[in-house]
């Protein structure tokens, strides 16, 4: 069983719960060692970082190799994807809620591990399926691809198999910029276009840097300015989030708060720990050890600890079971709605007994408004992705890009 590092503890708990008779070996850490022989039914739980460089895993003859959160092997050129493909196993199973996040190449990569040769060479797959579907929305190519892969997929939506789950209630909270945010936002846009965005790879890098700056300004000036503390009154979104989370805590409810930025998570943790009156507010991110991450999950689920848990979207947005929360807040926006939805589903799983309230914070009149419109477009096309959004923006002319990024005059408080 190969999974993200943060899920090793979760897999051990689930195996102990549903298959307590099976021997389980955790293969992780610098002192890891596989046993000389395996008892019948032994499950070895390891991580993708270990798989990438471990010779013992590669030299063992496995009965079954299971890849949890298989989007981790979506890029066929990475070391971890190549290591997964080299594993010797009679059967291979890939499990993921997002087999395609941005490009259909990702589907080819995953199936190349589980069913080598099924989709043919990568270049042919691109010509036959990826390009027609992504660029021309070809229904013929999509139907042909579905017919080819359907016998090898077991796809079940929650509406089909988890009818007992309570509903999710979505709401978008429009936040206003403060004067400081508006000034920083305009200055960042003006400076980028005055300096010139260039062309080719250089342009893409500069556009990405500009987008990142604008998103950070929307979060809080302190994040953009690399300050250690984020006080109230400087960010409309920051203040509104604190108000909403205080109301949730006062009602003795629990909430998950996702952000894509570690710096922003730390700023929120410091501020919320001071103003909520519920003790330290923990932040689960990729820089923590697997043991510490597991401890935070157990504490949130089982103890009378902080009612608020901050999480990194990419490090903790998949695999974890956090059903004690009845509220989920997306503090900032990711380009792909599937990534946010997967994070939301940390709380919308078997064991959730109450309606899950999902809040998305959007700073009006800014790049976040544009991301919101992109989300609706992607969802509206039956989950067929529209490609790398940042690359698409980089391909716009300066005038077209500026029309997207310029601050709406009504955005300020």
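Here, each number is a calculation from the coordinates, and none is a lab measurement. Computed from a predicted structure; not experimentally measured. When we count neighbours, we look across all protein chains shown, and the Cβ atoms used for this are built from the backbone with ideal geometry, even at glycine.
Kirkwood hydrodynamic radius of the chain from all distinct Cα pairs, in Å?
For the chain, the Kirkwood estimate is 23.2 Å.
In the stretch 56-139, how does Rg compare with the Kirkwood Rh, expressed as the Rg/Rh ratio over alpha carbon atoms? Walk me through the numbers before you get to the answer.
Working: Rg = 13.5 Å, Rh = 13.4 Å.
Ratio of gyration radius to Kirkwood radius: 1.01.
Given a Förster distance of 25 Å, report the FRET efficiency between residue 39 and residue 164 from their Cβ-Cβ distance, rounded to the nearest 0.05.
Working: r = 36 Å, r/R0 = 1.44.
Rounded to the nearest 0.05, the efficiency is 0.10.
Would you calculate a helix-derived [θ] at 222 nm for the chain, using -39,500 (n - 2.57) for each DSSP H run of n ≥ 4 and dividing by the full residue count, to the nearest 500?
Numbers: 20 runs with 188 residues, N = 413.
-13000 deg cm²/dmol, from helical runs alone.
For the chain, set up a GNM with springs between Cα atoms under 10 Å and report which of 395, 266, 368 has the largest fluctuation.
Among 395, 266, 368, the largest GNM mean-square fluctuation belongs to 395.
Starting at 0 and stepping by 10 Å, how many percent of the alpha carbon pairs of the stretch 2-155 end up in each bin?
10, 37, 31, 15, 6, 0
Got a sec? How would 197, 229, 309 order by Cβ neighbour count within 10 Å, fewest to most? Can you show the working numbers first?
Numbers: 197 19, 229 9, 309 26.
Ranked by crowding around the Cβ, least crowded first: 229, 197, 309.
By what distance, in whole Å, do the Cα atoms of the stretch 297-366 stretch along each of the three principal axes, largest value first?
Projected onto its principal axes, the Cα set of the stretch 297-366 covers 40, 24, 21 Å.
Working from the alpha-carbon coordinates of the stretch 168-411, get Rg over Rh, Rh being the Kirkwood radius. Walk me through the intermediate numbers first.
Working: Rg = 18.2 Å, Rh = 18.7 Å.
That ratio equals 0.97.
From zero outward in steps of 5 Å, how is the percent of C-alpha pairs of the stretch 11-70 spread across the bins?
Each 5 Å bin holds this share of Cα pairs: 4, 15, 29, 28, 18, 6, 0.
Normalise the Cα radius of gyration of the stretch 116-182 by 2.2 N^0.38 Å (N = residues in it) and let me know the number. Display every interim value, and only then the final one.
Numbers: Rg = 20.7 Å, N = 67, 2.2 N^0.38 = 10.9 Å.
Compared with the compact-globule rule of thumb, the stretch 116-182 sits at 1.90.
Could you give the Stokes-Einstein D for the stretch 83-125 in µm² per second, using the C-alpha Kirkwood radius, 25 °C, 0.890 mPa s? Please list the in-between numbers first.
Values: Rh = 11.1 Å.
Stokes-Einstein gives a translational diffusion coefficient of 221 µm²/s.
Just 393, 361, 272 to compare: in a GNM of the chain, with alpha carbon springs under 10 Å, which one fluctuates most?
Looking only at 393, 361, 272, the biggest GNM fluctuation is shown by 393.
I need to check one value: relative contact order of the stretch 2-155, counting alpha carbon pairs closer than 8 Å and at least 6 residues apart, in percent.
Numbers: 195 pairs, mean separation 26.5, N = 154.
Relative contact order comes out at 17 percent.
Take the Cβ-Cβ distance between residue 275 and residue 14 as r, set R0 to 25 Å, and report the resulting FRET efficiency rounded to the nearest 0.05. Intermediate values should be presented prior to the final figure.
Details: r = 36 Å, r/R0 = 1.44.
It comes out at approximately 0.10.
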